[in-house]
1. Which sequence of ASP10, ASP224 reflects their accessible areas, 1.4 Å probe, from the largest down?
2. How many Å² of accessible area per residue for segment 172-223, probe 1.4 Å?
3. With charges set only on the Cβ (+1 for Lys and Arg, -1 for Asp and Glu), what does the dipole of segment 1-91 come to about its Cα centre, in debye to the nearest 20?
4. Cα centroids of segment 148-215 and segment 3-18: how far apart, whole angstrom?
5. What whole-number value in Å² describes the accessible area per residue of segment 112-167 for a 1.4 Å probe?
6. On the principal axes of its Cα set, how long, how wide and how thick is the chain? Give whole Å, largest value first.
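The values are calculated or read from the model by the stated rules, or taken from the named source; none is laboratory data. Everything numeric in this text was worked out from a predicted model, so none of it was measured. Backbone-built Cβ (ideal geometry, glycine too); neighbour counts: all protein chains shown. Just so you know, the surface numbers come from the protein's heavy atoms only, side chains and all, with ligands and any DNA or RNA stripped out. Shrake-Rupley method; radii C 1.70, N 1.55, O 1.52, S 1.80 Å.
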Amino acid sequence: TLPVGWSNADVGATGGAGSASFANGTYTVSGAGTDVWGTADALQYAYRSLSGDGSIVARVASVEAVNAWTKAGVMIRSSLAANSAQGFMLVAASASKGTNYQRRLTTGGTSVGNTGTLATAPRWVKLVRTGNTIDGYEGPDGVNWTLVGSSTFSMPDNVLIGLGVSSHVAGTNAAATFDNVTISAAGPPPPPPNVPPTVSISSPAGGATFTAPATLSIAANAADSDGTVSR
């Protein structure tokens, strides 16, 4: 029920089984768990792999208000371990909690966060990974973005990127819907353009003359700055 390449899993001690599905351009993710915060997380995570730089954009269309701090948003994490390093650009169920960029910079570390606009769903969120830096953005329309926070992470090149939901109540699921979900992967850099080899005749000298019949020995030099010359 998820697009090809996507998976889903409960991360941490959620107290109940979550779920994730996709239909008609909308992801529905339902997850329990006490929180995504501190030194360990508890949530339902729908994800795919990302190698290197990339980004994820989504509109959090709705969040079921099981708790004021029910959280739904886009996430990049090192692994499915509960204490994994992760960045989470989220929308809380209550506008009094608003949008937040919460993250754990190292596996086993303590979470930090920045509050964005005091708004709830529908709201657009975005994460951009460039090297070891992940930036969190939010906005009203998917066009005008506000940078909420930026941090340097200790993460492997291969990470998990996707959609996370935590109800903030162990054993009780909260459902959130996401649309306009786009994941962009930078991929490997293109190869540099080929530099042509250089060739020059070293003997005989330029302008030399010979009387026929004559035997000439021709010597040449060849080199390739980004490759080899075989013959």
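1. Numbers: ASP10 60, ASP224 40 Å².
My answer, sorted largest first, is ASP10, ASP224.
2. Details: 3860 Å² over 52 residues.
About 74 Å² of surface per residue is accessible.
3. Working: 4 positive and 5 negative charges, 31 e Å.
Once rounded to the nearest 20, the dipole reads 140 debye.
4. Here the answer is 31 Å between Cα centres.
5. Working: 2330 Å² over 56 residues.
Ligands and nucleic acids excluded, the result is 42 Å² per residue.
6. Each principal axis gives a Cα extent; for the chain these are 101, 35, 34 Å.
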